[in-house]
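Engineer: I'd like to ask some things about the structure below.
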Amino acid sequence: MDFKRLIQWMYYLQVAFFVSGIYLLLVYILTSNSKRIQVMSGVLCFNLISLKVMRDRSKI
(Lines give C-alpha, C1' and ligand atoms only; values in the text may rest on other atoms or scores of the structure.)
Protein backbone atom coordinates (compact mmCIF):
# COMPACT_ATOMS: atom_id res chain seq x y z
CA MET A 1 0.00 0.00 0.00
CA ASP A 2 1.53 3.27 -1.03
CA PHE A 3 1.58 6.37 1.14
CA LYS A 4 -1.09 8.26 -0.84
CA ARG A 5 -3.54 5.38 -0.45
CA LEU A 6 -2.80 5.12 3.28
CA ILE A 7 -3.50 8.83 3.77
CA GLN A 8 -6.74 8.48 1.79
CA TRP A 9 -7.94 5.62 4.02
CA MET A 10 -7.02 7.60 7.14
CA TYR A 11 -9.12 10.47 5.80
CA TYR A 12 -12.11 8.16 5.25
CA LEU A 13 -11.72 6.75 8.76
CA GLN A 14 -11.66 10.26 10.18
CA VAL A 15 -14.85 11.13 8.26
CA ALA A 16 -16.50 8.02 9.72
CA PHE A 17 -15.51 9.10 13.24
CA PHE A 18 -16.90 12.56 12.55
CA VAL A 19 -20.26 11.16 11.39
CA SER A 20 -20.52 8.84 14.40
CA GLY A 21 -19.58 11.78 16.64
CA ILE A 22 -22.48 13.82 15.26
CA TYR A 23 -24.79 10.90 16.02
CA LEU A 24 -23.47 10.71 19.60
CA LEU A 25 -23.88 14.47 20.00
CA LEU A 26 -27.53 14.18 18.97
CA VAL A 27 -28.04 11.38 21.50
CA TYR A 28 -26.45 13.51 24.23
CA ILE A 29 -28.67 16.46 23.29
CA LEU A 30 -31.79 14.30 23.43
CA THR A 31 -30.82 12.89 26.84
CA SER A 32 -29.86 16.36 28.17
CA ASN A 33 -26.36 15.29 29.18
CA SER A 34 -24.81 18.76 29.32
CA LYS A 35 -21.30 17.70 30.43
CA ARG A 36 -20.88 15.30 27.53
CA ILE A 37 -22.39 17.76 25.06
CA GLN A 38 -19.56 20.20 25.82
CA VAL A 39 -16.88 17.53 25.50
CA MET A 40 -18.31 16.09 22.29
CA SER A 41 -18.67 19.54 20.74
CA GLY A 42 -15.00 20.18 21.39
CA VAL A 43 -14.00 16.82 19.95
CA LEU A 44 -16.07 17.43 16.82
CA CYS A 45 -14.57 20.90 16.31
CA PHE A 46 -11.06 19.48 16.64
CA ASN A 47 -11.92 16.66 14.24
CA LEU A 48 -13.38 19.08 11.69
CA ILE A 49 -10.23 21.22 11.77
CA SER A 50 -8.11 18.09 11.44
CA LEU A 51 -10.15 16.94 8.43
CA LYS A 52 -9.66 20.32 6.75
CA VAL A 53 -5.90 20.31 7.35
CA MET A 54 -5.52 16.72 6.15
CA ARG A 55 -7.53 17.40 2.99
CA ASP A 56 -5.53 20.54 2.19
CA ARG A 57 -2.14 18.94 2.80
CA SER A 58 -2.72 15.68 0.95
CA LYS A 59 -4.96 17.01 -1.85
CA ILE A 60 -7.62 14.33 -1.39
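Engineer: Return the Cα extents of the stretch 8-57 along principal axes one, two and three, sorted largest first, each rounded to a whole Å.
Structural biologist: Reported extents, whole Å, longest axis first: 37, 15, 9.
Engineer: Working from Cα positions, state the angle (0 to 90°, nearest 10) between the long axis of helix 34-58 and the longest principal axis of the chain.
Structural biologist: 10 degrees
Engineer: Positive end of the charge dipole of the chain (Lys, Arg +1 and Asp, Glu -1 on Cβ, about the Cα centre): tell me which of Leu26, Leu44, Trp9 has its Cα farthest that way.
Structural biologist: Of the options given, the answer is Trp9.
Engineer: Here's a follow-up. Among the lysines, which have Cα under 21 Å from the Cα of Lys4 when same-chain residues fewer than 8 positions away are ignored?
Structural biologist: Result set, ordered by chain and number: Lys52, Lys59.
Engineer: Below 14 angstrom from the Cβ of Ile29, what's the summed charge of the other residues (Lys, Arg +1; Asp, Glu -1)?
Structural biologist: On the way: positive: Lys35, Arg36; negative: none.
Around Ile29, the surrounding residues sum to +2.
Engineer: Run through the chain and list the trypsin sites (Lys or Arg not before Pro) located in a DSSP loop whose Cβ has at most 14 other Cβ atoms within 10 Å.
Structural biologist: Values: sites: Lys4, Arg5, Lys35, Arg36, Lys52, Arg55, Arg57, Lys59; in loops: Lys59.
Taking the chain and a limit of 14 other Cβ atoms within 10 Å, the loop trypsin sites (Lys or Arg not before Pro) found are Lys59.
Engineer: Please give the per residue accessible area of the chain, computed with a probe of 1.4 Å over protein heavy atoms only, in Å².
Structural biologist: On the way: 4870 Å² over 60 residues.
With all protein chains present, the chain gives 81 Å² per residue.
Engineer: Using a 1.4 Å probe on the protein heavy atoms, what percent of the accessible area of the chain belongs to carbon and sulfur?
Structural biologist: Here carbon and sulfur together make up 71 percent of the probe-accessible area.
Engineer: Give, as a single signed number, the net charge of other residues whose beta carbon lies under 14 Å from the beta carbon of Gln14, with Lys and Arg counted +1 and Asp and Glu -1.
Structural biologist: Numbers: positive: Lys52, Arg55, Arg57; negative: Asp56.
Surrounding charge for Gln14 is +2.
Engineer: A further question follows. By how many degrees, between 0 and 90 and to the nearest 10, does the Cα long axis of helix 3-30 differ from the longest principal axis of the chain?
Structural biologist: Taking Cα atoms only, the helix is inclined about 10 degrees.
Engineer: Per the helix-only calculation at 222 nm, which mean residue ellipticity applies to the chain, given -39500 (n - 2.57) for every DSSP H run of n ≥ 4 and division by its residues, nearest 500 deg cm²/dmol?
Structural biologist: -31500 deg cm²/dmol
The values are calculated or read from the model by the stated rules, or taken from the named source; none is laboratory data. As the structure is a computational prediction, the values presented were derived from the model and not from experiment. Here Cβ is always computed from backbone atoms with ideal geometry, including for glycine, and neighbour counts include all displayed protein chains. Protein only, heavy atoms only, side chains kept; ligands, DNA and RNA dropped before computing areas. Shrake-Rupley method; radii C 1.70, N 1.55, O 1.52, S 1.80 Å.
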